[in-house]
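These notes are about the structure you will find just below.
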Amino acid sequence: MLFGQSLFQSVLDRLKADEDELADEDQPAAPRVHGFNTGLAFDVMEGVSVAAARPDRAYVDNLEPDLPEDDTKPGAPPEPEPEPIMPEHLLRLSPQEIAAELAISPSDTIQSLGEKRRLFAKSNHPDSVAVPFRDNATQRMMTANLLIDAAIRRVNR
């Protein structure tokens, strides 16, 4: 305790006194950093105050969507997209056809079988085809995975 006050209370009193002294002095119109001759760049930009310029909204002008220049009326509904066409390979669902595509041979290694699985999935994975054809793609992937897993088991023996 310092003269009947705690140290903390005396620090608070000193800060309050310093704040009162600063309030009595004339404050500059724009905030300044002591030691610099000029104001900060964000204080005034070409005579426009920061509040009026709204630099945080400057990007909005660039976000306007580019509308295609066509002769359609503004209220006209957009033309529907054409129905997707099923690729021919998705029509081949029998295990024999899929095995022929995979071309699994007795000389295949585990690495080559993994590569065949990846190549088959690249064009047949359900996530890479249109929604109406996902059932066929799923069936093809399941069959291919079963054939490749069986071949891997034979290699491991």
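Coordinate-derived values only; no laboratory data. Given the structure is predicted, the values throughout are model-derived calculations rather than measurements. Ideal geometry is used to build each Cβ from the backbone, glycine not excepted, and the neighbour counts take in all protein chains shown.
Within the range 110-153, the set of residues being more than 26 Å from the chain's Cα centre (by Cα), under 30 Å from Pro82 (Cβ atoms) and of a type in the set (Lys, Arg) comprises just one member, Arg140.
On the stretch given as the range 122-141, residues that are free of Cβ contacts under 8 Å to residues at least 12 places away in the same chain and under 19 Å from Ala103 (Cβ atoms) total 1. If only residues of the range 81-119 that are loosely packed, with under 13 Cβ neighbours inside 10 Å and of a type in the set (D, E, K, R) are counted, the one that is farthest from Asn156 (Cα to Cα) is Glu81.
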